[in-house]
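Below is one structure, written out as structure tokens, with a few remarks after it.
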Amino acid sequence: MKEILLIIACTSATIVFGQSKKFQFKTGTEYGLPKKAEDLSFFGNDQDGIINLSLKKEALYISRFNPKNLAQTGEKVIELSDATKNMNSEMVVDFNNNYFWLRSDWDKNAQKEILYATSIDVKNGRLSDLNQKIIEAPKLAGDPVMTGLYKYKKVNKFDFHFNADHTKLLVSYRIAPESKKDKNSFDKIGIHVFDETLHKIWGSEFTMPYTEARMDNADFSIDSEGNAYLLAKVYDSDARKETDKATGDPAYHLEVFKFTKDNEQVIHAVVSVDTYFIRESTLIENTLHDMIIACTYSKNAKNKGTEGIFLGILNTEGKVDGYLKGHYKFPVSELEKFESARKRRKMEKNDDYEIPNLRVRDVAVEKDGSVFLACEEYYILQKSRMDGNGRFTYYTTYHYDDILATKIDASGNFQWIKKIPKRQEGSRGRGTMGFKLISDATGYYFLYLDNLKNLRLAEDDTPAKHVDGLGGQVFVSKVDHNGNISKELVFNTREEDIMIFPSEFTKINGKQFIGRAKLKKTLFKPLLITVN
């Protein structure tokens with residue numbers, strides 16, 4: 001490991017701006033990073049300081065800022081001499097102001113996948129323990145990504161999940177199958193549970209009861225006792241058909257698998273979906289330490305739309321029951337808001353209208369037993385255009401559209417559903433698009449970039465487009481616990497001449513979120529959001 005220390009003496013360059021009484025935005029000292037450096041995380045607290053971690057190849061950049069005025073107080077560049085071309089930054093873990101950087105690598109000589117934990121000293125802006133191995137595993141499955149001409153590496157080999165109290169961390173992985181034929185391979189899954197000091201509580205590997213052809217992993221979770229769970233989609237046969245031709249019903253079901261420290265056998269329970277087709281599903285622990293299943297569902301196998309939400313609960317006997325009232329259908333009266341007259345007429349004529357391209361972004365089980373879900377319309381389009389030589393070129397556009405916020409109260413009633421209109425489009429992935437959800441005792445706040453024309457949008461109008469990378473206004477739309485909705489303009493990024501990425505902000509305490517504002521390709525400022 002080679003460490004280069006650069007101490008920067010500078011005065012504060014803090015700017016406070018914004019029009020919101022609820023939100024205050026503050027920027028600090030400009031800082032530079034190498035071209036194409038990967039932003040890993042902003043984190044810290046108002047006592048010890050704030051740090052930004054960035055990575056370029058085998059060099060880690062640590063930039064430290066004063067938490068009071070956001071003045072930069074130092075920078076370090078640490079060369080990871082032991083890292084290979086297969087190294088991946090996984091995540092920064094915050095366990096009640098104990099911080100760890102997790103990175104993985106493939107040891108070709110030992111034929112081992114290794115997960116390293118590095119303790120971060122925020123107060124002094126340095127790394128404490130660089131090479132603490134917390135997991136060694138055989139070759140793992142993952143997703144290949146290109147790193148150069150005819151070069152690639154695998155990413156997404158590990159999954160990370162916290163329990164409801166954020167006191168335990170579940171690390172899971174899937175061992176690369178020996179056979180390339182899914183119908184001949186049974187998933188072998190690694191489960192490792194760690195405490196707040198990243199001390200391993202327990203870990204083991206489990207062979208699943210179904211072949212890869214029959215089983216798709218949907219979501220992992222962990223409870224307060226350190227038990228791990230997997231929600232999976234299980235097909236009726238290796239043919240992986242979505243629909244039973246004879247009945248028209250789903251040709252699959254959901255199952256919850258439970259992994260425990262003292263039991264080598266996998267415990268599993270079937271989730272009945274009746275005649276509904278599950279689109280997306282997640283598993284989350286509530287404050288009573290029950291495991292709640294939240295799914296979006298459809299009645300139609302072909303259109304891939306979403307009719308509503310299904311909630312289930314895994315009880316203490318290991319069986320899955322409907323949670324509260326089970327199925328909740330989205331009301332068309334809310335879905336047709338902010339749509340064109342033509343689309344509204346089409347929706348009104350269709351009694352079984354289903355909203356397309358809906359993705360679940362956030363699920364929260366509140367202390368009073370109510371359930372909150374935030375969804376977003378998201379899709380990718382392939383387009384073509386003619387160049388100056390009369391040839392067609394093809395390009396991709398990413399679309400992040402309306403937000404759908406839903407609250408189901410503790411009695412099981414559909415308390416409210418609110419549609420927040422937006423229309424974001426870009427060609428470089430997420431970028432400045434999407435939203436950041438911030439919640440407190442008064443309700444739910446959605447922070448996002450939008451077109452100024454959408455500030456006072458009537459319900460019978462359609463939203464104007466916001467294009468990624470071309471400025472935009474920072475909006476905050478609030479839904480309180482009674483379903484009342486409001487919207488306000490926080491500030492104009494064109495006037496401030498900065499670019500921000502709302503969905504990438506990190507909570508550093510109960511009322512503050514930290515991220516970065518981009519000035520130029522390699523020049524940034526920290527941006528602190530305070531909720532008053």
Legend entry - Three-way shape call for the stretch 32-103 based on the alpha-carbon gyration tensor, with the a/c threshold at 1.5: oblate
Inset, instruction - Would you check the accessible area of Ser89, probe 1.4 Å, heavy atoms only, in square angstrom rounded to 10? - result: 30 Å²
Legend entry - Low-density loop cleavage sites - GluC sites (Glu not before Pro) in the stretch 332-413, where at most 16 other Cβ are within 10 Å (DSSP): Glu366
Legend entry - J(HN,Hα) series, the stretch 290-300, from Karplus relation 6.51 cos²θ - 1.76 cosθ + 1.60, nearest Hz, glycine and proline x: 7, 9, 9, 9, 10, 9, 8, 9, 9, 9, 10
Inset, instruction - Determine the share of the stretch 340-406's accessible area contributed by carbon and sulfur atoms, expressed in whole percent, with a 1.4 angstrom probe. - result: 44 percent
Legend entry - Solvent exposure ordering (accessible area, 1.4 Å, most first) of Thr118, Thr197: Thr197, Thr118
Inset, instruction - Find, to one decimal place in angstroms, the Kirkwood hydrodynamic radius of the stretch 322-436, where the mean of 1/r is taken over every pair of different Cα atoms and then inverted. - result: 16.6 Å
Inset, instruction - Could you go through the stretch 370-384 in sequence order and give the Karplus-derived ³J(HN,Hα) for each residue, using 6.51 cos²θ - 1.76 cosθ + 1.60 with θ = phi - 60°, rounded to whole Hz, and x for Gly and Pro? - result: 6, 10, 10, 10, 10, 10, 9, 7, 9, 7, 10, 10, 9, 10, 9
Legend entry - Amide N proximity, the stretch 326-342 versus Ser272 label position 7 Å along Cα-to-Cβ, cut-off under 14 Å: 326-327
Legend entry - Area of Met87 that stays accessible when all protein chains are in place (1.4 Å probe, Å², to 10): 10 Å²
Legend entry - Estimated FRET transfer efficiency when R0 is 51 angstrom, pair Glu459-Tyr210 (beta carbons, to 0.05): 0.60
Legend entry - Förster radius 41 Å - calculated FRET efficiency between Asp82 and Lys304, Cβ distance, rounded to 0.05: 0.35
Inset, instruction - With a ≥ b ≥ c taken as the square roots of the eigenvalues of the C-alpha gyration tensor of the stretch 244-294, please select rounded if a/c is under 1.5 and otherwise prolate if a/b is larger than b/c or oblate if it is not? - result: oblate
Legend entry - For the stretch 348-361, 3J(HN,Hα) per residue [Karplus equation, 6.51 cos²θ - 1.76 cosθ + 1.60, θ = phi - 60°, Hz, x = Gly/Pro]: 5, 6, 9, 5, 10, 4, 10, 6, x, 6, 8, 10, 7, 9
Inset, instruction - Working with all protein chains in place, sort His161, His199, His268 by solvent-accessible area computed with a 1.4 Å probe, largest first. - result: His199, His268, His161
Legend entry - the stretch 220-325: Rg to Rh, with Rh as the Kirkwood radius over Cα pairs: 0.99
Legend entry - Residue-level accessible surface for Lys153, protein heavy atoms, 1.4 Å, Å²: 40 Å²
Inset, instruction - Just grab the label-to-label distance for Asp121 and Asn66, each label 7 Å out from Cα along the Cβ direction, in nm (one decimal). - result: 2.2 nm
Inset, instruction - Mind running the shape call on the stretch 432-532? Use the C-alpha gyration tensor, a ≥ b ≥ c as the square roots of the eigenvalues: rounded below 1.5 for a/c, prolate if a/b tops b/c, oblate otherwise. - result: oblate
Legend entry - Scattering profile of the chain at q = 0.08, 0.09, 0.12 Å⁻¹ [log10 I(q)/I(0), Debye over alpha-carbon scatterers]: -0.58, -0.75, -1.39
Inset, instruction - Just grab the label-to-label distance for Lys507 and Arg428, each label 7 Å out from Cα along the Cβ direction, in nm (one decimal). - result: 3.0 nm
Legend entry - Computed Rg/Rh of the stretch 262-405, alpha carbon atoms with Kirkwood Rh: 1.10
Legend entry - Surface accessible to a 1.4 Å probe, per residue, for the residues of the chain, Å²: 48 Å²
Legend entry - Computed E for Lys151/Asp238 - FRET, C-beta separation, R0 35 angstrom, nearest 0.05: 0.55
Legend entry - Relative frequency of Cα-Cα separations exceeding 22 Å in the stretch 132-262, percent: 46 percent
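The values are calculated or read from the model by the stated rules, or taken from the named source; none is laboratory data. Since this is a predicted model, take the numbers as computed values, not measurements. For neighbour counting, all protein chains shown are included, and Cβ atoms are generated from backbone atoms with ideal geometry for every residue, glycine included. In case anyone asks, the SASA skips ligands and DNA or RNA and just uses the protein heavy atoms, side chains included. Shrake-Rupley method; radii C 1.70, N 1.55, O 1.52, S 1.80 Å.
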